[in-house]
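S.K.: Mind looking over this structure? Questions follow.
The values are calculated or read from the model by the stated rules, or taken from the named source; none is laboratory data. It should be emphasised that the depicted structure is a prediction, and the values quoted were computed from it without experimental measurement. Because the Cβ atoms are built from the backbone with ideal geometry, glycine has one as well, and the counts that use them run over all protein chains shown.
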Amino acid sequence: MDIQVAVPRAAIDAHRDEIGAAITRVLDSGWYILGAEVEAFETEFADLVGAAHGVGVASGTDAVELALRACGIDQGDGVVTVSHTAGATVAAIDRAGALPVLVDIDPATYTIDPEHLDRTIRAIRTGQLGDGSLRVRAVVVVHLYGHPAELGAVQQIAAEHDLMVIEDCAQAHGARWRGERVGRVGEAGAFSFYPTKNLGAVGDGGMVVTSDPDVAERVRQLRQYGWRQRYVSERPGMNSRLDELQAAILRVLLPGLDAANDHRRRIAEVYRERLSDAPVILPGEPADPTSTHVYHQFVVRVAERDELRARLASEGIGTAVLYSAAVHQQPAYEARAPRLDDLPATTEAVREILSLPMGEHVSVEDAHRVADAVNDALPSGGPR
Ligand SMILES: *Cc1c(COP(=O)(O)O)cnc(C)c1O
């Protein structure tokens with residue numbers, strides 16, 4: 001492919017010397033797990049988000065699981081999330097021992113539909129959905145593709161039904177919801193530093209951010225065998241640690257996050273302008289001017305998606321489909337995740353979504369070339 005859909009090494013190559021120096025620093029320190037680099041990165045990342053605490057963990061999946069467990073989610077509790085998300089969100093709910101309850105998206109934002117959330121919770125409360133014994137205790141909001149979810153409406157519903165709100169920010173590092181960075185609005189925010197994310201390491205990594213000192217302390221214990229004091233397991237824990245090498249590399253990349261997101265937004269603007277007459281549905285921008293989309297993905301909806309994909313590939317342009325099947329369509333979950341209906345907005349979206357190339361490796365000229373190719377491939381019937 002001439003223009004790939006994502007190139008994690010672009011960010012690494014842009015900081016190659018500094019990253020080399022950071023790696024040497026860790027090697028010379030002789031300390032490889034939970035040391036000065038992790039501690040510094042936890043503080044620096046939590047500061048960026050505006051949360052009081054950051055706790056580095058081994059992955060984004062672990063960050064969601066440990067955030068839920070630290071907030072007190074227990075065996076058999078119900079945790080609501082969207083079906084249109086990475087399977088990881090639901091795997092984490094499962095690992096926390098909870099039952100995932102799936103709700104639909106607002107197709108304008110690809111994030112949780114508060115109205116469907118409200119109806120689902122009411123149906124569970126009244127025994128219309130499930131057997132009446134399920135206790136729903138939390139909602140995991142996913143800022144999918146980098147678009148901040150409608151946290152205000154979700155918080156209102158959560159307050160009414162006494163639910164905790166956990167934010168899955170794995171695709172939205174640096175995004176803002178009404179001026180605030182995502183991750184600081186709910187009880188806890190979970191981030192992934194998987195290489196393709198807006199802030200990516202050269203391996204796995206994740207972080208839980210929170211302003212609740214008790215939640216932070218519990219995540220610290222859970223990530224290392226339930227220890228507060230070395231060798232004393234106060235609670236059952238696990239091994240989920242961020243290592244010093246990843247933390248040192250992430251510290252090099254963190255100061256450039258906003259500029260990298262600005263570049264993504266610039267590319268999105270080119271796509272938006274150039275595809276305004278194409279028969280595609282463009283991604284929505286948040287209605288509130290102080291909210292920002294950070295375009296982890298630039299997703300269009302096209303009726304003849306697979307044909308367009310093949311045509312672009314033949315012209316050297318890579319695309320992706322995130323995700324070609326929703327969670328409720330996955331063999332692991334289709335029979336196990338209660339839901340009110342067949343989630344029509346989600347089911348329709350997954351048939352048509354297509355991610356165009358996005359990231360630091362995409363130049364403005366590249367974006368024009370991609371837009372030209374899309375416009376050439378599709379009949380100009382005007383916007384959908
Ligand atoms: C990537 C991702 C995760 C999982 O992160 P890992 O670091 O791969 O475990 C969770 N949720 C969403 C929405 C993601 O995109």
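S.K.: Could you tell me which residue of region 182-200 is farthest from ALA58 (Cα to Cα), considering only residues that are near the ligand (Cβ under 9 Å from one of its atoms) and buried (at least 22 other Cβ atoms within 10 Å of the Cβ)?
M.R.: LYS197
S.K.: Inspect region 82-93 for any residue being away from the ligand (no atom under 16 Å from the Cβ) and at pLDDT 95 or above and give the result as yes or no.
M.R.: no
S.K.: While we're looking at this one, here's another question. Which residues, taken from region 78-102, are part of a helix (DSSP H, G or I) and among the β-branched types (Val, Ile, Thr)?
M.R.: Across region 78-102, the qualifying residues are THR89, VAL90, ILE93.
S.K.: Right, another one. Out of everything in region 50-78 that is away from the ligand (no atom under 14 Å from the Cβ) and among the hydrophobic types (A, V, I, L, M, F, W, C), what residue ends up being farthest from ILE249 (Cα to Cα)?
M.R.: Within region 50-78, the match that is farthest from ILE249 (Cα to Cα) is ILE73.
S.K.: Sticking with this structure for a sec: Which of the residues spanning region 46-77 are surrounded by fewer than 24 Cβ atoms within 10 Å (Cβ to Cβ) and part of a strand (DSSP E or B)?
M.R.: Scanning region 46-77 gives a single hit, HIS53.
S.K.: List, please: which pairs have Cβ atoms under 6 Å, are six or more places apart or on different chains, and start with a residue in region 168-186 that is over 24 Å from ILE93 (Cβ atoms) and in contact (Cβ under 8 Å) with a residue 40 or more places away in the chain and end with one that is surrounded by fewer than 24 Cβ atoms within 10 Å (Cβ to Cβ) and small (Gly, Ala, Ser)?
M.R.: ARG176/SER291; ARG178/SER291
S.K.: Exactly one of these conditions fails for SER133: (1) polar (S, T, N, Q); (2) at pLDDT 95 or above; (3) more than 16 Å from the ligand (Cβ to nearest atom). Give me its number.
M.R.: Of (1) polar (S, T, N, Q); (2) at pLDDT 95 or above; (3) more than 16 Å from the ligand (Cβ to nearest atom), only one is false for SER133: (2).
S.K.: Looking at VAL270, VAL232, VAL299, VAL294, which is the one that is farther than 30 Å from ALA153 by Cβ and modelled with pLDDT of 95 or more?
M.R.: Of VAL270, VAL232, VAL299, VAL294, the one residue that is farther than 30 Å from ALA153 by Cβ and modelled with pLDDT of 95 or more is VAL270.
S.K.: Applying the selection to region 27-43, what residues are under 13 Å from LEU245 (Cβ atoms) and in a helix (DSSP H, G or I)?
M.R.: LEU27, ASP28, SER29, ALA36, GLU37, VAL38, PHE41 - these are the residues of region 27-43 that are under 13 Å from LEU245 (Cβ atoms) and in a helix (DSSP H, G or I).
S.K.: Can you pull out the residues in region 324-347 that are farther than 22 Å from VAL302 by Cα and touching a His at 6+ places or on another chain (Cβ under 8 Å)?
M.R.: Once the filter is applied, which keeps residues that are farther than 22 Å from VAL302 by Cα and touching a His at 6+ places or on another chain (Cβ under 8 Å), region 324-347 yields GLU334, ALA337, ARG339, LEU340.
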